[in-house]
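Working notes for the structure below.
The values are calculated or read from the model by the stated rules, or taken from the named source; none is laboratory data. Just so we're clear, the structure is a prediction, and the values are computed from it rather than from any experiment. Heads up, the Cβs are rebuilt from the backbone with ideal geometry, glycines too, and the neighbour counts pull from every protein chain shown. Note: accessible area is taken over every heavy atom of the protein model, side chains too, but ligands, DNA and RNA are not part of it. Shrake-Rupley method; radii C 1.70, N 1.55, O 1.52, S 1.80 Å.
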Amino acid sequence: MMAIIPLALPNKIGFSLPFLYKPITTRAGGGGSSCSAFTCRSVSSPTSFTWDDVVQASLPDYAPNDSSDLSGFFEKIKYCNRGSSEIKSEFIPLVIEDQIVGYIHNGFFDNYLRRFKDVFVFVPSDSRFGTTVTLNKTLSTPEERTRVVGKVIKSLAEEEKELIPGIRNELYPVTPSFGSPPYFSLERAAAPYFGIKAYGVHMNGFVKRDGEKFLWIGKRSPMKQTFPGMLDHLVAGGLPHGMSCVANLIKECEEEAGIPLSLSNQAMSVGAVSYVDVDGYRYKRDVLFCYDLELPGDFIPKNQDGEVESFKLIPVENVANVIRRTQFFKPNCSLVIMDFLFRHGYIGPECLGYLDLLQSLRSGDTS
């Protein structure tokens, strides 16, 4: 088992690629346990950063007294799981056909949804769930609910453009659990405002060279509606209504990294991570299905849809340092990479907090 060590890897690579981060041979001072207790320095992300900044943050001399404890990872877990029980109590269950399918902030309902009385119904006292919100009983089919709720979302977006940013005309299924028939479908950007369960696929694309593992990392386009310019997986995407995980992964592989079907169909399903993030009117209940794909050493990703600015191949240990020390990564990507670190032996039981960190990768409901 290889523990995370904030040391540069020996430069065993006998070739040069413009995308490849080449480690230096300098070693940090001191020996000792690689998982000793230490307060990790967390470096805030600037409004913009370059690949040079990423490389620098991954190196031992960037933080010479740094240790490879897990505190920096726990910070990322905490960020993805914001919201106290007191804040969560401000949300009202959204109930359809006697099933809780979401949560709506009472302020969002009062200020924006209550006036649509032909669509949303406030139930002050439900014998099973207490105070709830439901849809008008006249909306009896998934298609009708989708159409009418979609009109509400469009109306709200036109009234206040910043209320629900990032409208993309992509529908998410509204369902009590994964694989259940949806009660209706909802605009993706509105999903957190209705607190529905949302699912996605995230893929770690890795390469083995001379016994070392490297991860392909993408830098999001500065024009992205969400998390512009931040680091991301080689391939990731939300799971829209009517599409399987495998079909969605294959589609995203082609669009985001130019990975052909002959390679993408070799991706291995390796589990899932989950989190619950409550912030303002938003209640995110996300489950990310994780995949690994070992790529040929000569593969170079090429973005096809304009959503990725560039890619870089980085040693796994150095990727771990970037996650621990900075806020360069899109937050939920950090969780998926942490899961990779566990499964590939980079985080072991000798690390303080091992079991707590492992469990916290699935802080949300994975049903």
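With θ taken as phi - 60° and the coefficients 6.51, -1.76 and 1.60, list the Karplus ³J(HN,Hα) couplings across the range 248-257 in order, rounded to whole Hz; mark glycine and proline as x.
5, 4, 4, 4, 5, 4, 5, 5, 8, 9
In a Gaussian network model over the chain where Cα atoms closer than 10 Å are linked, find which of 137, 88, 330 has the largest mean-square fluctuation.
137
Under 5 Å between amide H atoms, partner at least 5 residues away or on a different chain: which partners does residue 82 have, H built in plane at 1.01 Å?
278
Provide the packing ranking of 107-117, 89-99, i.e. peptides ordered by the mean count of other C-beta atoms within 10 Å per residue, highest first. Before the final figure, lay out the partial values.
Working: 107-117: 15.3, 89-99: 17.1.
The most tightly packed comes first, giving 89-99, 107-117.
How much of the accessible area of the range 62-114, in percent, comes from carbon and sulfur atoms when a 1.4 Å probe is used? Walk me through the numbers before you get to the answer.
On the way: 1120 of 2380 Å².
Ligands and nucleic acids excluded, carbon and sulfur reach 47 percent.
Per-residue counts of other Cβ atoms within 10 Å, averaged by peptide: what ranking do you get for 201-212, 222-233, highest first? Please list the in-between numbers first.
Working: 201-212: 19.7, 222-233: 17.2.
Descending packing order for the listed peptides: 201-212, 222-233.
Which GluC sites (Glu not before Pro) does the range 259-367 hold that lie in a coil by DSSP with at most 15 other beta carbons within 10 Å? It would help to have the intermediate numbers written out before the result.
Values: sites: 294, 307, 309, 317, 350; in loops: 307, 350.
Taking the range 259-367 and a limit of 15 other Cβ atoms within 10 Å, the loop GluC sites (Glu not before Pro) found are 350.
Given (1) 1.06; (2) 1.33; (3) 1.00 as candidate values of Cα Rg over 2.2 N^0.38 Å, which corresponds to the one derived from the coordinates?
So the structure-derived entry is (1).
For the range 214-226, in order, what is each residue's ³J(HN,Hα) by Karplus, 6.51 cos²θ - 1.76 cosθ + 1.60 with θ = phi - 60°, in whole Hz (x at glycine and Pro)?
10, 10, 7, 10, x, 10, 4, 4, x, 8, 4, 6, 10
Take peptides 234-247, 179-192 and line them up by average Cβ neighbours within 10 Å, highest first, as a rough protection proxy. Intermediate values should be presented prior to the final figure.
Details: 234-247: 17.4, 179-192: 19.7.
Ranking, from highest mean packing down: 179-192, 234-247.
Using modelled backbone amide H atoms (1.01 Å from N, in-plane), which distant-in-sequence or interchain residues come within less than 5 Å of residue 186's amide H?
For residue 186, the qualifying residues are 172, 174.
Please compute the contact order of the chain in relative form: average sequence separation of alpha-carbon pairs under 8 Å and at least six residues apart, divided by the residue count, as a percent. Could you put the intermediate results ahead of the total?
Working: 712 pairs, mean separation 82.5, N = 367.
Normalised by residue count, the contact order of the chain is 22 percent.
Where the accessible area of the range 223-317 is counted over protein heavy atoms with a 1.4 Å probe, how much of it, in %, is carbon and sulfur? Walk me through the intermediate numbers first.
Numbers: 2110 of 3860 Å².
Roughly 55 percent, rounded to a whole number.
In Å², what does the accessible area per residue of the chain work out to with a 1.4 Å probe? Show your work: numbers first, answer last.
Values: 16370 Å² over 367 residues.
Here the per-residue accessible area is 45 Å².
Would you mind counting up the charge near residue 344? Only other residues with Cβ under 9 Å from its Cβ, with Lys and Arg at +1 and Asp and Glu at -1. Can you show the working numbers first?
On the way: positive: 213, 343; negative: 292.
Overall, the nearby charge balance is +1.
Name the lysines eligible as straight-distance cross-link partners of residue 208: C-alpha to C-alpha under 26 Å, and not fewer than 8 places from it in the same chain.
Counting by Cα, and skipping residues close in sequence, residue 208 has these lysines nearby: 12, 22, 219, 251, 302, 312, 330.
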